[in-house]
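Structure record follows, encoded as structure tokens.
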Amino acid sequence: MRENQCFLLAIIVLFAYLLPFIILWENTPILINDNLETAMIYPTLLAKYGQAFAPLGSTIPQIMNGIPRDFLGPEYNAILWLYLIFDPFTAYLTNLSIIHIVAFAGMYLLLKKRLIKDERISIGVALAFALLPFWPSAGLSIAGMPLALYAFLNIKAGYIRKIDLAIILLLPFYSDLVYGTAFFLFGMFFLATYDRIIKKESNNYFLFSIVLMGLICLAINYRLIY
């Protein structure tokens, strides 16, 4: 099978994976634990009662007889924005679709451009990764790691491109510092330290990109820091 045929087949399979959500719509079975019971409820209530941008220290009375707004995640998060724009299930489905599409694209680019020469293997592994049952409320915390690694490896190799900088700048807005981004950044910092100490290689652009993404994550999650 040719590479373009493999790629087309992967797109069809990925679409078929999401098709039941489109056909059954709100009758689609979805995860309950840490999802329907909490993770979907919080952004829905924040959007419904206009409390997404509530000040520090404010209380959300509709949850548990009053819960601090600072416990419910940052307002500069793309998932919350989807709930501000769409009805809850449309926001859920849009978020889920973005997660699986980015997971496929990121893993495909990482394998094809940086690790594996055989495009068919890259497509197969990327499809397998994209079909994993990601927790929707984590956004791209896990699903976006291959795309982030692709951008960082490009910078590490000396390719300073706008698309790689855009990935580093935008991913923190669609991921969570606690659910995986902090550990990913620690891994990148470890790699930079290894290069400098063991391999005696210095790459200031690579180190700067790590610090930049880390600072953006801290700024977005100021409520958590507070």
Could you tell me how many of the residues in segment 137-172 are within 16 Å of Ile220 (Cα to Cα) and touching a residue at least 24 places away in the same chain (Cβ under 8 Å)? 8
Please identify the pairs in which a residue from segment 79-96 that is closer than 21 Å to Leu19 by Cα and free of Cβ contacts under 8 Å to residues at least 24 places away in the same chain has its Cβ atom under 8 Å from the Cβ atom of a residue that is open to solvent by less than 70 Å² (accessible area, probe 1.4 Å) and outside any helix (DSSP H, G or I), counting only partners at least 6 apart or on another chain. none
The condition from (1) touching a residue at least 40 places away in the same chain (Cβ under 8 Å); (2) open to solvent by 70 Å² or more (accessible area, probe 1.4 Å); (3) among the charged types (D, E, K, R) that Lys117 misses is numbered (1)
Would you mind finding the one in Pro74, Pro61 that is surrounded by fewer than 16 Cβ atoms within 10 Å (Cβ to Cβ) and more than 30 Å from Ile12 (Cβ to Cβ)? Pro61
Single residue of segment 26-46 satisfying the filter (hydrophobic (A, V, I, L, M, F, W, C) and either open to solvent by less than 30 Å² (accessible area, probe 1.4 Å) or without any contact (Cβ under 8 Å) to a residue 24 or more places away in the chain (or both)) that is nearest to Tyr76 (Cα to Cα): Leu46
Any residue that is open to solvent by less than 40 Å² (accessible area, probe 1.4 Å), touching a residue at least 12 places away in the same chain (Cβ under 8 Å) and either touching a Ser or Thr at 6+ places or on another chain (Cβ under 7 Å) or among the aromatic types (Phe, Trp, Tyr) (or both) - is there at least one of those in segment 186-204? no
Meets criteria (assigned to a helix (DSSP H, G or I), open to solvent by 10 Å² or more (accessible area, probe 1.4 Å) and either at positive phi or not small (Gly, Ala, Ser) (or both)) for Leu132: no
For segment 146-181, give me each residue that is part of a helix (DSSP H, G or I), touching a Ser or Thr at 6+ places or on another chain (Cβ under 7 Å) and open to solvent by 30 Å² or more (accessible area, probe 1.4 Å). Tyr179
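Part of a loop (DSSP other than H, G, I, E, B) and of a type in the set (Val, Ile, Thr): which single residue out of Ile30, Ile22 fits that description?
Unique residue meeting the criteria: Ile30.
The values are calculated or read from the model by the stated rules, or taken from the named source; none is laboratory data. All values reported here derive from a predicted model rather than from experimental measurement. A quick note on method: Cβ atoms are made from the backbone with ideal geometry, for glycine too, and the neighbour counts reach across all protein chains shown. Please note that ligands, DNA and RNA were not included when accessible areas were found on the heavy atoms of the full protein model with its side chains. Shrake-Rupley method; radii C 1.70, N 1.55, O 1.52, S 1.80 Å.
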